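> One structure follows; several queries about it will come next.
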Amino acid sequence: MSMTRLYVANMNCAGCVAKIEKAFAAQAGVEARVNLADKQVTVEGKMSADTALTVMEKAGYPAQVVVDAKVAAEEKRLEDATEYRLRMRQAIAALVVGVPMMLWGLLGGEMMINSPSMQLGWGIMGLVTLALLVTTGGHFYQGMWRALKAKTTNMDTLIVLGTSTAWAYSMLVVIMPSAFPMDTRHVYFEASVMILGLINLGHGLELKARGKTSEAVQRLLGLQSTTAIRITDKGDEKVEISQLKLGDKLRLRPGDRVALDGEVETGQSLLDEAMLTGEPIPVLKNRGDSVSAGTVNGNGSLVYRVTAGQEDTKLAKIIALVQQAQTSKLPIGRLADRISAVFVPTVVAIALLAAAIWYFVGPAPALSHALVVLTSVLIIACPCALGLATPMSIMVAVGRAAQMGVLVKNGEALQTASKVDCVVLDKTGTVTLGKPQVTDFTLVQTLSDTDKETLLGEIASLEQHSEHPLAGAIVSYAKESLSQLPDTQAFTNHQGKGIEGKVDGVSLAIGNLALMTALDIVNSDGSALDPKATLSFANQGKTPIYVAKAGKLVATIALADPIKPDAKDAIAAMLQRGIRVVLLTGDNPQTAQAVADQVGITEVIACVLPEQKQQHVLDLQKQGHVVAMVGDGINDAPALMSADVGIAMGSGTEVAIESADITLLSQQLIVIANLLALSRATITNIKQNLFGAFVYNSLGIPVAAGVLYPLTGMLLSPVIAGAAMALSSLTVVTNANRLRRQKL
């Protein structure tokens, strides 16, 4: 079994995905996963890289093998940025020419060919339009050609037929106006360029909206160290990660990032594992403890032995999980493309059949009438409004969401969010603020306010020498009421337990129950400390810090990660709307349950690792739920990608934000419930738009084909066909704007 990853530059739509999957499905023992966001195809099975490239070539999608994932991600980002700029330039160029021409006609300007001067003027505009067809619409012609080779049709087919027919008919009128009845000598150059401009604009906006999807893996790759310090018989040497082997001993200096997973041989230090666990408090590492690649060392120094290769580290597995989630979550099929699969060939067949009937059995001039019918049918079926139907609703909805404090990265996320019936919440940084704060400062014996301030100052003076996050919270608490702290004469750090020292000649010990026990600290009455007190604090979601002076307990400081003010109301709003809410966290069960009880969540899953978070999301999906995952840590990235909708907190890590489909810029959780309501309204609006885009066209097609001619003696003029097309566009835009005032 082998795995080959390919980069496919010209893979742009769901139709491309289906065709590539079909090509590999015909190969025995081979499975292909297509990632449209990264424009990559992962081929697994009994197939060499050269054979996979050959299959792609035959399918019409030339590819290249991805050797370095980091380089490939950067290349894709640059190509997307280049394509976005190109589409916007094409849109501007077409609209700069098309809008004045359209306004000329709407404001009463002459668009009929009835004099040599009009022939010359419109002939020049015809050549300008031809240049725009080539420069701003060339990629549509290429897309249609690929579809024809695959024996199918797509939106490019309608765009090409509509714009080309409008231009060709207009040029024929300009070149030989006498061959056409007087009332059909109308030019439609503005229709050609306006269609190209609007469709290119929509494509550019869509590309911009989904452009950051692939950055999640790129940022994860950036966390991997490229070098490490290896200990040898000749001393320390700096080597590339690729040169390391299992069993090598590496030195980890203060502030360095762990290169590969390993086991501590000597030394002691606090490691920041937030990128794996999502929890802000560093973890003490001693001999025999494991360390994970990508985690950051504190002030201590360690020597550790490599236990996992570059592809087998926890970080590498998280990256693989994110990539797998991306490839397994196929893009939502665009309704417009599915409709066009039937609509396009039907329209073309009707147009050709109607033109043939008019040419062979119609009244004179038969050719002119046939051309009028052919053009009218194609123009009235032109996908101008169809191209606007979805992007317009998405644009308005995304703007409305931004006002709510929500960043929506793609339209597919809105569509999926409309079906969400289960919301999974991470705890730290999502339901809570993610910053430890002092909640209680309890004195064991009664002290005056002055003595209380003195003690607090002594505690803060000693704590400011510690690098522990809880120490920072205590110092910040003290500085709220104290302007100056006393001097510290002695300081000793007990890794994983606490600190002790002297402040103004007074001996202090500050730390957890383990430190108090090690130093034989007792209560003021001489009795032993009660271990149940620690459990009591944990049940409240708090961490206790004990303060001892002269061998006796004098105070207790409780710290907690505060719950967001609106968390309870937000969760109540989701529950009221019938949405299942689950709290999923790596924290201990007591703290997790305490937080859940305070905000009204009844389902709690605690003590979960990153890959387990993803598995719990997948389990909920297997139960039939459409799941939205809300998180803020790198450890949440695989779960965010595997969820039907990933929602990241804006205050969280960049990787979590890039992994998610939606980012909450606001810290208010209530916007999640509002977002789900907005998504449902948006999908309803899109369906209305699609109906509006087709209703005039569908009703107008038989009229354009001439079915009313026997009764009225009139053909539908291409002018009326163009008006119907414009009216359908106006209907779509107006309806989409209703979302700005939609009640949630």
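The values are calculated or read from the model by the stated rules, or taken from the named source; none is laboratory data. Note that the structure is predicted; figures quoted are calculated from it, not measured. Note that we place each Cβ from the backbone using ideal geometry, even for glycine, and neighbour counts take in every protein chain shown. The accessibility values were calculated without ligands, DNA or RNA, using every heavy atom of the protein model including side chains. Shrake-Rupley method; radii C 1.70, N 1.55, O 1.52, S 1.80 Å.
> For the list (1) surrounded by fewer than 21 Cβ atoms within 10 Å (Cβ to Cβ); (2) among the small types (G, A, S); (3) closer than 19 Å to G498 by Cα, I need the number of the one condition that S481 fails.
Unmet condition: (3).
> Of all residues in region 541-551 being modelled with pLDDT of 80 or more and not β-branched (V, I, T), which is most open to solvent (accessible area, probe 1.4 Å)?
Here the answer is A550.
> In region 399-415, which residues are in a helix (DSSP H, G or I), at pLDDT 70 or above and open to solvent by less than 40 Å² (accessible area, probe 1.4 Å)?
Scanning region 399-415 gives A401, M404, A413, L414.
> Okay, next question. Could you figure out which of (1) under 39 Å from the mean Cα position of the chain (by Cα); (2) modelled with pLDDT of 85 or more; (3) more than 30 Å from T313 (Cα to Cα); (4) of a type in the set (V, I, T) isn't true of T227?
(3)
> Which condition number does I113 fail, the rest of (1) surrounded by fewer than 21 Cβ atoms within 10 Å (Cβ to Cβ); (2) modelled with pLDDT of 85 or more being met?
(1)
> Output yes when any residue across region 177-185 is outside any helix (DSSP H, G or I) and either buried (at least 20 other Cβ atoms within 10 Å of the Cβ) or modelled with pLDDT of 80 or more (or both), and no when none is.
Taking every residue of region 177-185 in turn, at least one turns out to be outside any helix (DSSP H, G or I) and either buried (at least 20 other Cβ atoms within 10 Å of the Cβ) or modelled with pLDDT of 80 or more (or both).
For (1) among the β-branched types (V, I, T); (2) within 31 Å of the chain's Cα centre (by Cα); (3) modelled with pLDDT of 75 or more; (4) open to solvent by 30 Å² or more (accessible area, probe 1.4 Å), each residue gets a yes or a no:
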site: L196; (1), (2), (3), (4): no, yes, yes, no
site: A209; (1), (2), (3), (4): no, yes, no, yes
site: Q218; (1), (2), (3), (4): no, yes, no, yes
site: G222; (1), (2), (3), (4): no, yes, no, yes
site: V258; (1), (2), (3), (4): yes, yes, yes, no
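> If you don't mind, another one. Can you tell me which of (1) modelled with pLDDT of 90 or more; (2) within 30 Å of R740 (Cβ to Cβ) is the one I657 doesn't meet?
Checking I657 against (1) modelled with pLDDT of 90 or more; (2) within 30 Å of R740 (Cβ to Cβ), the one that fails is (1).
> For region 423-475: of the residues being of a type in the set (G, A, S) and open to solvent by 10 Å² or more (accessible area, probe 1.4 Å), which is farthest from Q614 (Cα to Cα)?
Step one: of region 423-475, the residues of a type in the set (G, A, S) are 429, 434, 448, 457, 460-461, 466, 471-473.
Restricting the remaining residues to those that are open to solvent by 10 Å² or more (accessible area, probe 1.4 Å) gives 434, 448, 466, 472-473.
Values: G434: 21, S448: 53, S466: 35, G472: 33, A473: 32 Å.
The selected residue is S448.
> Can you tell me which residue is surrounded by the fewest Cβ atoms within 10 Å (Cβ to Cβ) among those in region 260-285 that are modelled with pLDDT of 90 or more and assigned to a loop (DSSP other than H, G, I, E, B)?
For region 260-285, the residue satisfying everything is D261.
> Within region 453-471, which residues are within 30 Å of G267 (Cβ to Cβ) and at pLDDT 85 or above?
I459, A460, S461, L462, E463, Q464, H465, A471 - these are the residues of region 453-471 that are within 30 Å of G267 (Cβ to Cβ) and at pLDDT 85 or above.
> Now for a different question. In this structure, is L107 over 24 Å from I175 (Cα atoms) and without any contact (Cβ under 8 Å) to a residue 40 or more places away in the chain? Before the answer, list the steps.
Details: over 24 Å from I175 (Cα atoms): yes; without any contact (Cβ under 8 Å) to a residue 40 or more places away in the chain: yes.
Yes; evaluated as a whole, the condition is true for this residue.
> Continuing with this model, one more query. Can you go through T432, T346, T428, T375 and tell me which one is touching a strand residue (DSSP E or B) at 6+ places or on another chain (Cβ under 8 Å) and at pLDDT 70 or above?
None of the other options fit; the residue is T432.
> Same structure, new question: From T556, T517, grab the single residue that is under 28 Å from N286 (Cβ atoms) and either among the charged types (D, E, K, R) or touching a helix residue (DSSP H, G or I) at 6+ places or on another chain (Cβ under 9 Å) (or both).
After ruling out the rest, the residue left standing is T556.
> Pull up region 143-176, narrow it to residues that are at pLDDT below 85 and among the polar types (S, T, N, Q), then point me to the one that is farthest from T375 (Cα to Cα).
Checking each candidate, the answer is T152.
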